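Before any comments, here is the structure.
The values are calculated or read from the model by the stated rules, or taken from the named source; none is laboratory data. The shown structure was predicted, so the numbers you read here are calculated from the model rather than taken from an experiment. A quick note on method: Cβ atoms are made from the backbone with ideal geometry, for glycine too, and the neighbour counts reach across all protein chains shown. Surface accessibility is based on the protein's heavy atoms, side chains included, excluding ligands, DNA and RNA. Shrake-Rupley method; radii C 1.70, N 1.55, O 1.52, S 1.80 Å.
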Amino acid sequence: MTDQTYQPTLSQLRAFVAIAEYRHFGTAAARLSVSQPTLSQALASLENGLGLQLIERSTRRVLVTPAGKRLLPQAMATLEAADRFVASAAGSGLGGTLRMGIIPTVAPYVLPALLPELRRELPSLVPHVIEDQTTRLLDGLRSGVLDVALLALPTDASGLVEIPLYTEEFVLVVPRGHEFAGRRDLSARDLDSLPLLLLDEGHCLRDQTLDLCRSNDAHPGTVGDTRAASLATVVQCVAGDLGVTLIPEMAVASETSRGTLDIARFAAPAPGRTLGLAFRASTARTEDYEHLAGIIRALRPV
């Protein structure tokens, strides 16, 4: 039974949240810059004070118990409030640790400009970047493991606030000398029967491409034996004459810089995606995340 007079310390809550996030005591201790025995003691003190087991550990794995899952979002909210308090005292509304998820088709093209800008404008902010697919990022937001996520909207996820940032067009990447090279008047129906290369399952760009084809009754000849986890790999397969692919506008300059590819653009209104920032509706940092959204929007990489 929980002692109603017990007051957990921020160190104890940080230990619990770090272990729940990384599912590894050594990694969590390193992230918090404490020794592993200190981390274990902080968790044990928290569990003893609450009269609850929050973390189940064995020699093989670390699990968050049902009680831990129930209390994790509140622990995260408490730490968010404490970080905001310290940042406000220092004159900055957005400071402390920020666990930011980003989808793989955005991270390589946004981070080179975003991270230096965050250091310049928000020097007290300590971003932790987690690159992952949309489904897992949404799970991280709901569980409190992530603070915000930069991804394609809408997510149709309940309990989240979504701030649209900007919309970008899709561009068709083709092998050098392809019959579509240089065209600016493509329609989605032109994808019909093309050997279309896709990212692996779970990537939202794959789903967006397939939705585009279905909504326009296009039936591309997808290359099922080619499985890629990154745009860079897909584009290199195009350069190797294995097919064609769709990439977002922000990736064009980087992924076609070697000069072995051509591109083709769609006639207006061109298909594309809307990127945005998502976070929990229950957070007390809505104003801060709106500020962050403004920074990202101003750095639009197109």
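With a Förster radius of 45 Å applied to the C-beta separation of D211 and T78, the computed FRET efficiency comes to 0.65. Here the range 118-240 exposes an accessible surface that is 46 percent carbon and sulfur, computed with a 1.4 Å probe and the other protein chains kept in place.
Looking at the chain, identify the longest residue range that excludes and avoids all GluC sites (Glu not before Pro) in DSSP loops having at most 12 other Cβ atoms within 10 Å. Looking at the chain, 1-178 is the longest stretch - no exposed GluC sites (Glu not before Pro) with at most 12 other Cβ atoms within 10 Å. Look at the dipole of the chain built from charges on Cβ: of G276, G159, A42, the Cα furthest out on the positive end belongs to A42. If one puts a single equal scatterer on every Cα of the range 92-138 and applies the Debye formula without solvent, what log₁₀ I(q)/I(0) results at q = 0.18, 0.19, 0.23 Å⁻¹? Cα-only, vacuum Debye calculation for the range 92-138: -0.57, -0.63, -0.84. Relative to the longest principal axis of the Cα atoms of the chain, helix 10-22 runs at roughly 40 degrees. Based on the Kirkwood approach, the hydrodynamic radius assigned to the range 1-119 is 16.0 Å, with every pair of different Cα atoms included. Rounded to the nearest whole Hz, the Karplus-based 3J(HN,Hα) values (6.51 cos²θ - 1.76 cosθ + 1.60, θ = phi - 60°) of the range 157-171 follow the sequence 9, 6, x, 10, 9, 10, 10, x, 9, 6, 10, 10, 7, 8, 10, with x at glycine and proline. Residues I130, I296, sorted by accessible area with the largest first, give I130, I296 [1.4 Å probe; ligands and nucleic acids excluded]. Using only alpha-carbon positions in the chain, the gyration tensor eigenvalues give semi-axes of 43, 21, 17 Å once each is multiplied by 5 and square-rooted (largest first).
For the range 9-62, taking Cα atoms only, Rg and Dmax work out to 10.0, 29 Å respectively.
The helix-only estimate of mean residue ellipticity at 222 nm for the chain, built from DSSP H runs of length n ≥ 4 each weighted as -39500 (n - 2.57), is -13000 deg cm²/dmol after division by the residue total.
Overall, the chain carries a charge dipole of about 760 debye about its Cα centre when +1 sits on the Cβ of Lys and Arg and -1 on the Cβ of Asp and Glu, all other atoms neutral. GNM, the chain, Cα, under 10 Å: largest mean-square fluctuation among A251, A268, A239? Residue with maximal mean-square fluctuation among A251, A268, A239: A268.
Largest first, the three principal axis extents of the alpha carbons in the range 154-302 are 53, 29, 28 Å in whole numbers.
Which angle between 0 and 90 degrees, to the nearest 10, do you get for helix 36-50 versus the longest principal axis of the chain when only C-alpha atoms count? On a 0 to 90 degree scale, this one is about 70. With protein chains left intact and a 1.4 Å probe, residues in the chain average 48 Å² of accessible area per residue. Just so you know, the Rg over Rh for the range 55-158 is 1.01, from Cα atoms, with Rh as the Kirkwood radius.
Rg and Dmax of the range 142-205, both derived from C-alpha coordinates alone, stand at 17.1, 49 Å.
With the Kirkwood sum run over all distinct C-alpha pairs, the range 255-302 has a hydrodynamic radius of 14.4 Å. Once C-alpha pairs closer than 8 Å and six or more residues apart are averaged by separation and normalised to the residue number of the range 1-68, the relative contact order reads 35 percent. Amide H contacts of T97 (H built 1.01 Å from N, in plane; Pro and chain starts excluded): V126 sit under 5 Å, all sequence-distant by 5 or more or on other chains.
What number do you get for the range 203-256 when its Cα radius of gyration is normalised by 2.2 N^0.38 Å, N = residues? Relative to the rule-of-thumb radius for its length, the range 203-256 sits at 1.14.
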